[in-house]
Amino acid sequence: MTLIKSISGIRGTIGGLAGESLTPLDVVKFSSAFACFLKKRQENKAFRKLTMVVGRDARISGPMVDHLVVGSLLGMGVEVINVGLSTTPTVEMAVLRHKAQGGIIITASHNPMEWNALKLLDENGEFISAEQGEEVIALSESGNLKFAEVANLGHLTIDTEAIEYHINKVLDLKRVEVEAIRRANFTVVVDGINSTGGIAIPLLLKALGVSKIIELYTEPTGVFAHNPEPLPDHLKDLSLSVLKNGADLGISVDPDVDRLAFVCENGKMFGEEYTLVSVADYILSKEKGPTVSNMSSSRALKDISEKWNCSYSSAAVGEVHVVTEMKAKHAVIGGEGNGGVIYPELHYGRDALVGTALFLTYFAHKKENGIKNMSDLRASLPNYFISKNKISISSQVDVNSILHTIQEKYREEKVSDIDGVKIEFEKEKEWVQLRKSNTEPILRVYAESNTKEKAECLAGKIISEIKKMK
């Protein structure tokens, strides 16, 4: 059993002992603490009652956790707007739509179905900062939570139109061109992994005028059809369906629909790193401006930015860090190499819906200008490969010591400790990064080079060195 408290909220496996996994008691304490935090944050602002938006993905524990969260917030005197089965970016936009003071998304993102989590949003529909997260954790552990008396209990409102609203706002964007997508006559296979992407993505594709939509695992049962992280080994059914149906592409999202990956017409992965790279290529062709990604993302975004005479910056891993850097640089596009596209024209959050709409517009225009298929489109972009690996770590392992040892060993290279340890080998145009996950008990080891073999060799070398230290 596992319980992790971090800047990403509270995340853990369902069941077990309170304080050691995500139990009803932990859910109540944490949601109540967040409401208390928001009350303190808003105490000098004029509004009748604190309003919060709640939404969830389709995982099995969702209804149980949802009842606990909503009940806790009502007990704190909060006006709750529940959008029900939804997506992370949809909840973020609902906070803005309803002018709420915050929100809670019930999802463990790409984690398996025995996990669940509470992700915390501020009044801008953005994730709270690390410092704010620490304050919420401290409140949840203090026991100093004052609930409302009966006359001041909150009220519950159900919003059944949140996804429709989100889709309409995507369609309203200048850079989303429905007619171009319609002319392209696309056949698209969608893998909804039996979560809320199976609701939102087909609805979006219909609204975009996609000619033929083939649905795979789109019933939101919460029984994930495969490992929910959209990686090649987990998307074999999607690849086979693309080939079987002669589709132009396949679309995969994670359970809360903030990550987006594509499969090419030949059944091969487009590469989740290239979701952001391709969308950035399209946006920068229309409007010049800075770009941002995290330090674990491909250098291909930097190449694309330089192609359009635009600047590129990197940030620590984590959406909140990327958003902070994007605001500081006034970036026109940004995100993370895990398939997370952030388009500020819509909102500051990773969003697979806007990513899909912008990508299909880009692909449609490329087809009109001679690009035949997804494979050709991928070949037209800078060519790098990232080997993404993870090592399970126990609480007894001193991760900081491991990182320090690696840093010292490679001190002659260009080394950054902004986010874990990143070593750049300038001569070979390679890099490797080691960082502890904020959401899982693992150490991530990412390496990039200009061939898959070189990237895997570099990652394997570092992993071997780490294992000798454990």
Selection over the range 1-40 where residues are open to solvent by 50 Å² or more (accessible area, probe 1.4 Å) and free of Cβ contacts under 8 Å to residues at least 12 places away in the same chain yields a count of 3
Residue under question is Arg59, and the condition is that it be modelled with pLDDT of 95 or more, under 18 Å from Leu3 (Cβ atoms) and either of a type outside the set (Ser, Thr, Tyr) or out of contact with any strand residue (DSSP E or B) (no Cβ under 7 Å at 6 or more places or on another chain) (or both); does it hold? yes
Since Met93 meets every condition but one in (1) more than 19 Å from the chain's Cα centre (by Cα); (2) crowded, with 17+ Cβ neighbours inside 10 Å; (3) at pLDDT 95 or above, which condition does it not meet? (1)
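Every residue, every condition in (1) within 20 Å of Leu301 (Cα to Cα); (2) under 17 Å from the mean Cα position of the chain (by Cα); (3) at pLDDT 95 or above; (4) of a type outside the set (Ser, Thr, Tyr), yes or no:
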{"residue": "Glu179", "(1), (2), (3), (4)": "no, no, yes, yes"}
{"residue": "Gly197", "(1), (2), (3), (4)": "no, yes, yes, yes"}
{"residue": "Leu204", "(1), (2), (3), (4)": "no, no, yes, yes"}
{"residue": "Thr218", "(1), (2), (3), (4)": "no, no, yes, no"}
{"residue": "Asn227", "(1), (2), (3), (4)": "no, yes, no, yes"}
{"residue": "Val253", "(1), (2), (3), (4)": "no, yes, yes, yes"}
{"residue": "Tyr282", "(1), (2), (3), (4)": "yes, no, yes, no"}
{"residue": "Lys286", "(1), (2), (3), (4)": "yes, no, yes, yes"}
Selection within the range 66-91 - in a helix (DSSP H, G or I), in contact with a helix residue (DSSP H, G or I) (Cβ under 7 Å, 6 or more places away or on another chain) and among the aliphatic types (A, V, I, L, M): Leu68, Val69, Leu73
Among the candidates Ser314, Ser278, residue that is of a type in the set (Gly, Ala, Ser) and open to solvent by less than 40 Å² (accessible area, probe 1.4 Å): Ser278
Do you know which residues across the range 120-147 are modelled with pLDDT of 95 or more, out of contact with any Asp or Glu (no Cβ under 8 Å at 6 or more places or on another chain) and in a loop (DSSP other than H, G, I, E, B)? Asp122, Glu123, Asn124, Phe147
Just checking, does the range 375-392 include any residue being at pLDDT below 90, of a type in the set (Gly, Ala, Ser) and open to solvent by 80 Å² or more (accessible area, probe 1.4 Å)? yes
Please state which of the following conditions Val292 fails to meet, knowing it meets all the rest: (1) aliphatic (A, V, I, L, M); (2) assigned to a strand (DSSP E or B); (3) open to solvent by 10 Å² or more (accessible area, probe 1.4 Å). (3)
Tabulated pairs, the range 384-406, first in contact (Cβ under 8 Å) with a residue 40 or more places away in the chain, second open to solvent by less than 30 Å² (accessible area, probe 1.4 Å) and among the hydroxyl-bearing types (Ser, Thr, Tyr), C-beta under 8 angstrom, 6+ apart or interchain: Tyr384/Ser298; Tyr384/Ser449; Phe385/Ser449; Ile386/Ser298; Lys390/Ser437
Just one listed residue, out of Ala117, Ala35, Ala94, Ala100, is part of a helix (DSSP H, G or I), under 23 Å from Val323 (Cα atoms) and small (Gly, Ala, Ser), and it is Ala94
I need a count of the residues in the range 254-289 that are farther than 19 Å from Ala328 by Cβ, β-branched (Val, Ile, Thr) and in a helix (DSSP H, G or I). 3
Arg59 passes all but one of (1) in a loop (DSSP other than H, G, I, E, B); (2) open to solvent by 20 Å² or more (accessible area, probe 1.4 Å); (3) closer than 25 Å to Leu25 by Cβ; which number fails? (2)
Based on this model, can you work out whether Gly335 counts as within 20 Å of Ser380 (Cα to Cα), in a strand (DSSP E or B) and open to solvent by less than 10 Å² (accessible area, probe 1.4 Å)? no
So how many residues does the range 422-463 have that are assigned to a strand (DSSP E or B), surrounded by fewer than 17 Cβ atoms within 10 Å (Cβ to Cβ) and without any contact (Cβ under 8 Å) to a residue 40 or more places away in the chain? 1
When the residues of the range 143-183 are narrowed to those that are without any contact (Cβ under 8 Å) to a residue 12 or more places away in the chain and of a type in the set (Gly, Ala, Ser), which ends up least open to solvent (accessible area, probe 1.4 Å)? Gly143
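Rundown of residues vs (1) over 27 Å from Met269 (Cα atoms); (2) in contact with a Lys or Arg (Cβ under 8 Å, 6 or more places away or on another chain); (3) of a type in the set (S, T, N, Q), yes/no style:
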site: Ala364; (1), (2), (3): no, yes, no
site: Glu368; (1), (2), (3): no, yes, no
site: Ile371; (1), (2), (3): no, no, no
site: Met374; (1), (2), (3): no, no, no
site: Gln407; (1), (2), (3): yes, no, yes
site: Arg411; (1), (2), (3): yes, no, no
site: Val415; (1), (2), (3): yes, yes, no
site: Met469; (1), (2), (3): yes, no, no
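Report yes if some residue within the range 339-351 is open to solvent by 50 Å² or more (accessible area, probe 1.4 Å) and touching a residue at least 12 places away in the same chain (Cβ under 8 Å); otherwise report no. If you could, list the steps in order and put the result at the bottom.
Residues of the range 339-351 that are open to solvent by 50 Å² or more (accessible area, probe 1.4 Å), as a first pass: 345, 348.
Remaining after also requiring touching a residue at least 12 places away in the same chain (Cβ under 8 Å): 345, 348.
Yes; the residues of the range 339-351 include at least one that is open to solvent by 50 Å² or more (accessible area, probe 1.4 Å) and touching a residue at least 12 places away in the same chain (Cβ under 8 Å).
Out of Val399, Val432, report the one residue that is modelled with pLDDT under 90 and among the β-branched types (Val, Ile, Thr).
Being modelled with pLDDT under 90 and among the β-branched types (Val, Ile, Thr) holds for just one of Val399, Val432, which is Val399.
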So, in the range 400-419, of the ones that are within 20 Å of Leu458 (Cα to Cα) and open to solvent by less than 60 Å² (accessible area, probe 1.4 Å), which residue ends up nearest to the chain's Cα centre (by Cα)? Asp419
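The values are calculated or read from the model by the stated rules, or taken from the named source; none is laboratory data. Since the model is a prediction, treat every value here as computed from it, not as a measurement. A quick note on method: Cβ atoms are made from the backbone with ideal geometry, for glycine too, and the neighbour counts reach across all protein chains shown. Ligands, DNA and RNA are stripped out before the accessible areas are found, and what is left, the full protein with its side chains, is counted by its heavy atoms. Shrake-Rupley method; radii C 1.70, N 1.55, O 1.52, S 1.80 Å.
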